[in-house]
Amino acid sequence: MVKHSILSVLTAAAVSFGLALSAVAQPAELVGRSRDGIPVYVEPTTDAHSHYSGRAGEAVEVLRAIEGEDRGSTWYNVVFRSGVRGWVPASALQFATGPRPTPDSTISQFETNTYSVRVFRQEGRTRMNVFNKANNQLVLNRVPVRPIREVGSQDRYSGITGDFIYTATIARGDDCLLQIEYAGDTIAQETGSCR
């Protein structure tokens, strides 16, 4: 029952973030010649899982841009009319009008068994994304976070959505930690390699 309630809250938060973002999204369409479709990835790298295949000419809304790890390329987070969201490289997009979004800079990112975490700077603020791979849901989306400088080589970033607190501990050259708290109790804690 508690698990179902938590999932409902996370789903509602993800949907509300998605609606807020669509108001500032930029129209574009997919371009390419692949017979198998244009792969849409869960993360901004071709090493990530492709969870959807788009068609050339298919309309999308561009939510944001980042500089990818693939030789300094730019990646765009897009949403399809069907509601499917994911990442495509710049070479797979043609913008309808207006300037392209400027990439933001990644401070750190890591993956645990269940989550993908990214801490980044955008529009002069430090923000965090947390993607639940098991549920294919973005549970924190561009949420402003408070950087907390730790003694030694660790930094901590905390983001809040509803009653949930997501804290990423970034340890340079070591494992990173994601801790999730609900109503003051730790409900999940997972580690992953920092990048």
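The values are calculated or read from the model by the stated rules, or taken from the named source; none is laboratory data. Note that this is a predicted model, so its numbers are computed, not measured. So basically every Cβ, Gly included, is an ideal-geometry build from the backbone, and we count neighbours across all protein chains shown.
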Pick out the one residue from Asn141, Asn136 that is surrounded by fewer than 17 Cβ atoms within 10 Å (Cβ to Cβ) and either charged (D, E, K, R) or not assigned by TED's automatic domain parsing to the domain that holds Val42 (or both).
-> Asn136
Considering each of Glu150, Glu111, Glu123 in turn, give the residue that is modelled with pLDDT under 80, within 17 Å of the chain's Cα centre (by Cα) and not aromatic (Phe, Trp, Tyr).
-> Glu123
Return yes when Val31 is at pLDDT 65 or above and touching a His at 6+ places or on another chain (Cβ under 7 Å) and no when it is not.
-> no
Give the stretch 47-89 a look and list any residue that's under 15 Å from the mean Cα position of the chain (by Cα) and part of a loop (DSSP other than H, G, I, E, B), or say none.
-> Ala48, His49, Gly68, Glu69, Val84
Val84: more than 17 Å from Ile180 (Cβ to Cβ), among the β-branched types (Val, Ile, Thr) and at pLDDT 85 or above, yes or no?
-> yes
